[in-house]
Amino acid sequence: MVLVPFTAALALLYLAPAALAVGSARVVNNCEGTVYYASVSQGVASSMKPLPAEGFSEAYTMLNNGISIKLAPTVTSPVTQFEFTWSDGRVSYDISNIDGNPFANQGMSLMPSMIGASGFPTCQPVNCPAGQSTCEAAYNQPDDVRTLVCPDASDLVFTLCPGSPSKRDSFSHHIAHRVHSRDFE
């Protein structure tokens, strides 16, 4: 009789990680030059700092609390905001250019990992093409409606200069070429 409760407890422990598995938000900079960022939310302030070469990532950990990752080419320029909120088994997300569009010339994209997930028709990418001064897929005014929704297991990847090769890929290719310099091309 003691084995039944023990077995049930083990089953719950085994299933708990799957039930708690949620995605993350990631920022990738493929642009030339430094990009500054700050991740803020209600009661959590942060100053702008250089985005690391490997980008920035944070798991959805603040239930029912909106997060804004502010991005800018300088610490004093207008910001683009990558916004998301984790709530009720879903993650709501958008790009906000209400404060300006400092990456209009370079473009940006926001890609969920579970595009078109069942029951989530708005789980779709957001694209702001390079050279578009006003991105119609982003919030440009406070009363715009541009929020999309995915299952909370979906990762969100926000990429600056999405048409450019990633700095990391270029660096890796350069190193691989040097290491294998005797190979015939």
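Readers should treat all values here as calculations from the given coordinates under stated rules, not as data from a laboratory. This structure is a prediction, so every number in the text was calculated from the model and none was measured. Cβ: placed from backbone, ideal geometry, glycine included. Neighbour counts: every protein chain shown.
At a glance:
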{"quantity": "Per-residue Cβ neighbour rank within 10 angstrom, fewest leading, Ile69, Ile98", "calculated": "Ile98, Ile69"}
{"quantity": "Least to most buried among Asp152, Asp143 (fewest other Cβ within 10 Å first)", "calculated": "Asp143, Asp152"}
{"quantity": "Net length gained if the chain between Thr147 and Val75 were fully extended (0.36 nm per residue, minus Cα distance)", "calculated": "23.3 nm"}
{"quantity": "Distance-filtered residues of the stretch 56-100 - backbone nitrogen under 13 Å, label point 7 angstrom along Val44 Cα→Cβ", "calculated": "57-70, 84-86"}
